[in-house]
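Report on the following structure.
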Amino acid sequence: MEAPEEVLFDENELGKGRKYIALGSFEVSPDGRMLAYTVDFTGFRQYTLYVKDLATGGLTKDSAKRVTSLAWAAESRTLFYVEEHETTKRSYRLHRLALGGADEVVYMEPDELYDIGICDSGSEAFLVLAIVSKDTSEMRVLPTHEPRGEFRVIVARRKGHEYYVEHRGEEFFIRTNDRGRNFRLVRAPVADPAPRNWKQVLAHRPMVMREDANVFRDFWIAVERDQGLLKLRVTDFQSGKG
């Protein structure tokens, strides 16, 4: 017999008495006790952050407006979120919210060509602050167990250079277009992920777009577009075979 489905929140309850409701982001804290989520009640894609105590079912006093992304620190008491500009709708400020306490801005992107977003790595060991424009990106990371620390730049932004980062053990896996528009995949030590330490995993291919890379404990998956079709390349870490 299957266990009954647990409902964390009910759209009928949230939307009671309202003409419109849309759920945005939602993240459960690492200890499973808190749920952070965003809701739009206006239809203008302006999302408000709420935090729910899953043990009591009640909301905390923590809230914020115009939230576009969010992520928890490992201790489950600190929440990072990104705020959008009220006029331009650009995601431009990163906040650090201590539940029941201070809410402070820890980063503000001054260049109007860039938007920012916050998430955690697949390993949940790092918070990743992505700063991106149409053709350039910069990734900054912070260990999830050091919420009061400072974000570290993986590679400083350079016009036309796009890269994205994942993590496993003592290495970052970086998808980069430094040698071609279709991207290649490299690995680098967490201690010093500068380009001089990059080791190639998958080379750039002129006719194949490397759209994504997902890293797990025992294997990694490359998402590639070949002749218009998406393909998955799965590789075992121990054997190196796909």
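Things to note:
- Candidate set: region 10-33, residues that are among the charged types (D, E, K, R) and modelled with pLDDT of 90 or more; chosen: the one most open to solvent (accessible area, probe 1.4 Å): Arg33
- Single residue of region 129-153 satisfying the filter (among the hydrophobic types (A, V, I, L, M, F, W, C) and open to solvent by less than 10 Å² (accessible area, probe 1.4 Å)) that is farthest from Ala213 (Cα to Cα): Leu142
- Residue list for region 168-198, restricted to those being open to solvent by less than 30 Å² (accessible area, probe 1.4 Å) and either touching a residue at least 60 places away in the same chain (Cβ under 8 Å) or touching a Ser or Thr at 6+ places or on another chain (Cβ under 7 Å) (or both): Phe183, Arg184, Val186
- Region 51-69, residues that are surrounded by 20 or more Cβ atoms within 10 Å (Cβ to Cβ) and hydroxyl-bearing (Ser, Thr, Tyr): Thr68, Ser69
- Checked against the criteria, Gln238 counts as surrounded by fewer than 19 Cβ atoms within 10 Å (Cβ to Cβ), over 29 Å from Arg96 (Cβ atoms), modelled with pLDDT under 95 and not charged (D, E, K, R).
- Test: residue in region 85-95 that is under 17 Å from the mean Cα position of the chain (by Cα), open to solvent by less than 60 Å² (accessible area, probe 1.4 Å), over 28 Å from Lys134 (Cα atoms) and in contact (Cβ under 8 Å) with a residue 24 or more places away in the chain: no
The values are calculated or read from the model by the stated rules, or taken from the named source; none is laboratory data. Every value quoted in this text rests on a predicted model; they were computed, and no experiment measured them. Cβ sites come from the backbone with ideal geometry, for glycine too, and all protein chains shown count toward neighbours. Heavy atoms of the whole protein, side chains included, go into the accessibility calculation; ligands, DNA and RNA do not. Shrake-Rupley method; radii C 1.70, N 1.55, O 1.52, S 1.80 Å.
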